[in-house]
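Here the structure comes first, spelled out in structure tokens, and everything after it is commentary.
The values are calculated or read from the model by the stated rules, or taken from the named source; none is laboratory data. Not measured: the values here are computed from a predicted model. When we count neighbours, we look across all protein chains shown, and the Cβ atoms used for this are built from the backbone with ideal geometry, even at glycine. Heavy atoms of the whole protein, side chains included, go into the accessibility calculation; ligands, DNA and RNA do not. Shrake-Rupley method; radii C 1.70, N 1.55, O 1.52, S 1.80 Å.
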Amino acid sequence: MAEMKLTIKRVPTVLSNYQEDGKSETVGCGRSCLGKCCFPVSNFPLYEFKKDTQKHEKGSAVAGKNSPIDFLNTLVLGQWEDRMAQGMFRYDVTACETKIIPGNHGFIAQLNEGRHLQKRPTEFRVDCVLQNFDSKKFNFTKVGQKEVLFRFEPSDGEPRYFEDAKVSPDSSGNVLAINVSPIEYGHVLLIPRVLDCLSQKIDSESFLLAVHMASEAASPYFRLGYNSLGAFATINHLHFQAYYLSVAFPVEKSPTKPISISKSSNKSIGVTVSQLFGYPVRGLVFEGGNTLRDISDMVSAACICLQETNIPFNVLISDSGRRIFIFPQCYAEKQALGEVSQEILDTQVNPAVWEISGHIVLKRKKDFEETSEVHASRLLSEVSLSEERFDEVKSYIFEALGLVAAVDVDEDEVTPGMNNGGAFLSRSSSHITTPFPEGCLVLQ
């Protein structure tokens, strides 16, 4: 396989994501899907990233400096635009109105009147975070290969790019594909090990893959997000979402309150833990790390704890992987119990990771025109755990991580929010998961 530079080829618009041109030889089942029938006998662009050895430095990502191609602009966004030119999206998201809502938080509102009609409906229970993969329901093995931008795999050496590479027989395939119902420019799906048919469940290696992608993008404006089942994931097949938006998310600007760690079960790995301060949704913020794996392992262990405790949650991977937010949430539980106001329900907003982070997609023009910081804050506050419940969940996570929190710091020690990352603190530690009693169980 020859290493070469990417060239974007413009092609005529197609009417269907599965349209065949009738010229290529049929392989697999003939649908050119991502299943075991077609994927192993197909060729895709391949980007190989340098694995596990990158220092987590401040400034531009190390991977970005050594990349054989402009990973974000040429490979991700360039190929996304190519699929847009082919007519592969259900609507033109770039035509959607967007505005900054006046106020201290600077919430971002988008009007997307058709998305909830075009979006695939949820096909599973919302009262259980961990559910088995069901091959009879929609999953990403049924996606057409034209929706795939490239494969994303670890390299044994330096980063490499191949424009056309065969799938190796032992590969289960990490792929980056378009989201055909996009929220924003460049909206893509990272699907780890697509052939393994993993359910929507965090594991350490898949989460590290997502952190590597954030690092390769090397931009504060390209974030990855994750929604668990029960926290508005709509497909029970492991995936992360990502898109490009060139403004700071409100949650990224929010002040944080450092959590002092008095005891740790392992050596210092340079990760600090804090909690959001003065933001409508309570959440934990993990920052820094000596390596990508340091912060990734700590956050994935916290997510595994939440999964095993049946607590729905959302994750935002920010600042090229150097800053990661975890939001335990109970909106679906409140909704089932009739505790969400009809005014909020009428907006039809499902508060997943992007909404929680402050980018709120509204379905009705009336809501878009009349929205205010008060209304947005009220919507997001419905997502948040109570202070008492959040402290309980935080204790579960800390026990799983082998950490012991010291007494709370004073408000004077609150750290101001940062627009594009910033200086990170030091010290904290490791990762071991243990099961806990059920909490925040979604009722239906």
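Here are the numbers for the structure shown:
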item: Sole exception among (1) of a type in the set (G, A, S); (2) open to solvent by 20 Å² or more (accessible area, probe 1.4 Å); (3) at pLDDT 95 or above; (4) within 30 Å of R322 (Cα to Cα) for S67, by number; result: (3)
item: Those strands (runs of 3 or more DSSP E) lying entirely in the range 204-275 with at least 1 residues buried (at least 20 other Cβ atoms within 10 Å of the Cβ) and among the polar types (S, T, N, Q); result: 222-227, 240-244, 256-258
item: Criterion violated by K136 - all others in (1) open to solvent by 60 Å² or more (accessible area, probe 1.4 Å); (2) at pLDDT below 95; (3) closer than 22 Å to E205 by Cβ satisfied; result: (3)
item: Subset of the range 154-193 (residues that are of a type outside the set (G, A, S), within 22 Å of the chain's Cα centre (by Cα) and surrounded by fewer than 19 Cβ atoms within 10 Å (Cβ to Cβ)); result: P154, Y185, R193
item: Selection count, the range 276-319, where residues are open to solvent by less than 10 Å² (accessible area, probe 1.4 Å), more than 17 Å from E388 (Cα to Cα) and β-branched (V, I, T); result: 5
item: Which numbered condition I191 fails, given (1) in contact with a His (Cβ under 8 Å, 6 or more places away or on another chain); (2) without any contact (Cβ under 8 Å) to a residue 40 or more places away in the chain; result: (2)
item: Residue, farthest from I326 (Cα to Cα), within the range 168-203, restricted to residues that are assigned to a loop (DSSP other than H, G, I, E, B) and among the charged types (D, E, K, R); result: D170
item: Residues within the range 353-370 that are in a loop (DSSP other than H, G, I, E, B) and open to solvent by less than 10 Å² (accessible area, probe 1.4 Å), tallied; result: 2
item: Any hit, the range 377-394, residues being farther than 26 Å from A242 by Cα, among the aromatic types (F, W, Y), open to solvent by less than 40 Å² (accessible area, probe 1.4 Å) and free of Cβ contacts under 8 Å to residues at least 60 places away in the same chain; result: no
item: Given (1) free of Cβ contacts under 8 Å to residues at least 40 places away in the same chain; (2) in contact with a Ser or Thr (Cβ under 8 Å, 6 or more places away or on another chain), number of the condition E205 does not satisfy; result: (2)
item: Conditions (1) modelled with pLDDT of 95 or more; (2) in contact with a helix residue (DSSP H, G or I) (Cβ under 8 Å, 6 or more places away or on another chain); (3) polar (S, T, N, Q): number failed by Q79; result: (2)
item: Single residue of the range 291-336 satisfying the filter (assigned to a helix (DSSP H, G or I) and among the basic types (K, R)) that is nearest to the chain's Cα centre (by Cα); result: R293
